[in-house]
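Taking it in order: structure first as structure tokens, then the write-up.
The values are calculated or read from the model by the stated rules, or taken from the named source; none is laboratory data. Every value quoted in this text rests on a predicted model; they were computed, and no experiment measured them. We place every Cβ from the backbone using ideal geometry, glycine too, and count neighbours over all the protein chains shown. SASA here: full protein model, heavy atoms, side chains in, ligands and nucleic acids out. Shrake-Rupley method; radii C 1.70, N 1.55, O 1.52, S 1.80 Å.
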Amino acid sequence: MSLQEFIQQLLNGLSLGSLYALVAIGYTMVYGILRLINFAHGDIFMVGAYIAFYLVGVFYLPWWLSLPLTLLLTAGVGVLIDRVAYRPLRNEPRISLLITAVGVSFLLENLGLVTVGARQKGFPVPGMMASPVRILGAQVGGVSIWVPLISLAFLLLLLWVIYRTKAGMAMRAVSRDIEATRLMGADVDRIIAFTFAIGSALAAAGGILWSFKYPQINPLMGIYPGWKAFTAAVVGGIGNPTGAMIGGVLIGLVEVLTVAFFPTLSGYRDAFVFSILILFLLLRPTGLLGEPLKEKV
Amino acid sequence: MLQVEDLHVHYGGIHALQGVHLEVPDGSIVTLIGANGAGKSTTLRAVTGLVRPRQGRIRLQGREITRLPAHKIVAAGVAMVPEGRRIFPNLTVRENLLMGSYLRRDASGVRRDMDWVFRLFPRLKERQNQRGGTLSGGEQQMLAIGRALMSRPSLLLLDEPSLGLAPLLVREVFQVLKEINAEGRTLLLVEQNAHAALGLAHHAYVLETGRIVLEGSGRQLQQNAAVRRAYLGDPGAEAM
């Protein structure tokens with residue numbers, strides 16, 4: 001492999017990984033607070049892609065307007081799901097919540113198949129993403145540069161929210177002790193709703209950027225990216241936002257580079273990623289940055 | 001300040017509170033003593049809205065708060081130092097205090113109160129940027145009290161603030177409680193350390209298996225034979 005090819009593949013893995021990171025954040029934040037693996041999260045990513053598709057491709061709104069609007073609307077979908085599906089089960093056994101999450105996932109996928117149809121739709125990709133860029137002597141697609149950069153901007157914004165705002169402080173408090181947070185006068189349901197809003201908005205950003213990279217969308221497009229982002233969240237240490245970012249980038253790089261180095265194994269690219277998931281669950285279930293598991297009482 | 005009337009709480013099949021009556025006058029320190037499992041914590045948890053009573057009324061300054069959600073009760077002026085301190089281990093000392101002021105919008109007042117808490121507990125000031133989980137047990141107790149004060153409560157509930165503290169620290173904590181009360185705040189204190197609690201309180205109640213069995217001024221109960229026998233570790237009281 002030439003150096004140019006290697007750089008291309010590296011950037012390719014980085015852009016894929018940053019997308020996983022965006023989606024992994026939503027898994028990890030909801031898990032941190034509710035101890036729930038939100039299986040519907042990959043489908044929220046799909047919903048985000050479709051909202052953007054309709055705003056730009058059908059209603060011809062400009063991207064500068066469609067992007068924030070998509071994030072906002074998808075955040076609303078996430079909050080709505082929490083409100084109608086998860087919140088009524090707050091005091092029920094966790095397994096009921098988990099099964100409900102699987103149900104919501106199937107609901108979103110099939111609702112998509114019924115309403116927008118199973119056929120692939122061509123996603124409107126802005127010119128900036130499609131035009132090639134020269135970097136370090138290698139020629140790469142615009143997406144390979146812009147996707148990681150935009151993702152990084154979102155991730156930094158998220159860290160700022162979590163560590164520098166009052167709402168973020170409340171989210172960190174809830175993740176450790178829901179009852180004590182109630183005693184502070186905080187409305188925990190609102191904090192949880194806010195968490196779903198942020199996770200869903202980032203998934204929507206991921207969905208849009210993903211569709212710039214792979215501009216054919218369908219209602220089942222969220223399944224595999226969702227599972228891989230979940231893997232990223234586990235690898236990074238579920239519940240830890242910084243871990244999810246690192247895990248995402250690692251998974252993206254592994255996926256792209258194994259195929260780049262062993263082209264004959266390209267059919268196994270998903271198997272590589274999920275083997276990592278299994279290895280981590282067996283050997284280091286707390287992930288790279290996770291703290292030792294302590295059951296809440 | 002606080003009136004509790006005929007309070008009944010059930011936990012699953014257990015009838016934990018069986019008609020508790022108590023009153024906490026404005027500006028006073030009232031203590032609730034009793035054995036483990038008598039229902040002391042449950043009473044406080046019902047007042048703060050963490051458990052729902054099946055029957056009875058809780059009034060704060062004349063206003064009924066019986067079935068309000070916890071965050072509305074905090075907004076009405078009640079703060080609690082929960083059993084086991086329950087500070088946020090992943091937040092810094094400063095952030096823990098800011099969580100206490102979660103509902104407040106007056107930034108300058110919050111700053112003033114934080115300075116006040118730092119004066120009450122100078123050690124918290126030294127450790128303000130340290131994570132709560134790294135503090136010693138005594139420091140965590142101070143943080144839990146400081147955090148509760150940050151909401152400027154008119155009524156402060158304390159659940160076993162002396163638990164697990166060395167005797168010297170217990171004295172320090174009780175001294176601070178006295179100061180807080182002197183600043184005009186009303187205190188309802190649940191304690192197993194009946195000796196210290198009765199020494200501090202203006203009025204005291206004794207709770208046994210979900211019922212108030214005895215009440216009186218702190219001094220009266222300190223001299224009561226049954227209380228001495230059961231809670232103050234004085235076997236000789238039987239002969240009196």
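General observations
- Answer residue from the range B:128-157, given it is within 14 Å of the chain's Cα centre (by Cα), small (G, A, S) and more than 12 Å from chain A (Cβ to nearest Cβ) and is surrounded by the most Cβ atoms within 10 Å (Cβ to Cβ) among those: B:G146
- Residue check: B:E160 meets all listed conditions (1) within 17 Å of the chain's Cα centre (by Cα); (2) within 14 Å of another protein chain (Cβ to nearest Cβ); (3) not small (G, A, S) but one, namely (2).
- Taking the criterion of being under 18 Å from B:A148 (Cα atoms), more than 7 Å from chain A (Cβ to nearest Cβ) and free of Cβ contacts under 8 Å to residues at least 60 places away in the same chain, the residues of the range B:60-85 that qualify are B:P69, B:K72, B:I73, B:A76, B:R85.
- A residue that is of a type in the set (S, T, N, Q), open to solvent by less than 50 Å² (accessible area, probe 1.4 Å) and touching a residue at least 40 places away in the same chain (Cβ under 8 Å) cannot be found anywhere in the range B:2-17.
- Within the range A:179-198, none of the residues are over 30 Å from B:P69 (Cα atoms) and of a type in the set (V, I, T).
- Residue match in the range B:86-94 (condition: within 16 Å of A:K166 (Cβ to Cβ), open to solvent by less than 60 Å² (accessible area, probe 1.4 Å) and more than 10 Å from every other protein chain (Cβ to nearest Cβ)): no
- Lone qualifier among A:V125, A:V147 - being at pLDDT below 95, in contact with a helix residue (DSSP H, G or I) (Cβ under 7 Å, 6 or more places away or on another chain) and not in a helix (DSSP H, G or I): A:V125
- Qualifying residue in the range A:229-236 (condition: open to solvent by 30 Å² or more (accessible area, probe 1.4 Å), more than 20 Å from B:P69 (Cα to Cα) and aromatic (F, W, Y)): no
- Residue match in the range A:188-209 (condition: without any contact (Cβ under 8 Å) to a residue 24 or more places away in the chain and open to solvent by 10 Å² or more (accessible area, probe 1.4 Å)): yes
- If only residues of the range A:168-187 that are of a type in the set (V, I, T) and either surrounded by 19 or more Cβ atoms within 10 Å (Cβ to Cβ) or not in a helix (DSSP H, G or I) (or both) are counted, the one that is farthest from the other protein chains (Cβ to nearest Cβ) is A:V174.
- Condition met for A:L159 (closer than 30 Å to A:I191 by Cβ, touching a residue at least 12 places away in the same chain (Cβ under 8 Å), more than 14 Å from every other protein chain (Cβ to nearest Cβ) and not in a loop (DSSP other than H, G, I, E, B)): yes
- Test for B:R152: is it more than 20 Å from B:R59 (Cα to Cα), in contact (Cβ under 8 Å) with a residue 40 or more places away in the chain and of a type in the set (K, R): no
- Looking only at the range B:179-200, and only at residues there that are open to solvent by less than 10 Å² (accessible area, probe 1.4 Å) and not in a helix (DSSP H, G or I), the one that is farthest from B:D113 (Cα to Cα): B:E191
- Hey, B:L68 touching a Gly at 6+ places or on another chain (Cβ under 7 Å) and farther than 23 Å from B:R185 by Cβ or not: no
- Selection within the range B:45-59 - within 14 Å of chain A (Cβ to nearest Cβ), open to solvent by less than 80 Å² (accessible area, probe 1.4 Å) and not small (G, A, S): B:R45, B:V47, B:T48, B:L50, B:V51
- Only listed residue being acidic (D, E), within 28 Å of B:A38 (Cβ to Cβ) and open to solvent by 20 Å² or more (accessible area, probe 1.4 Å), chosen from B:E160, B:E215: B:E215
- Criterion applied to A:M245, A:M221 was being in a loop (DSSP other than H, G, I, E, B) and touching a residue at least 24 places away in the same chain (Cβ under 8 Å), and the one residue passing it is A:M221.
- Some residue of the range A:255-274 being touching a Gly at 6+ places or on another chain (Cβ under 8 Å), assigned to a helix (DSSP H, G or I) and open to solvent by 50 Å² or more (accessible area, probe 1.4 Å): no
- Filtered residue count, the range A:142-167, keeping only those that are surrounded by 17 or more Cβ atoms within 10 Å (Cβ to Cβ) and not hydrophobic (A, V, I, L, M, F, W, C): 4
- Taken over the range A:275-284, the criterion of being within 28 Å of A:A173 (Cα to Cα) and either open to solvent by 70 Å² or more (accessible area, probe 1.4 Å) or at pLDDT below 90 (or both) is satisfied by A:L281, A:R284.
- Looking across the range B:71-81, the residues that are surrounded by fewer than 23 Cβ atoms within 10 Å (Cβ to Cβ) and not basic (K, R) come down to B:H71, B:A75, B:A76, B:G77.
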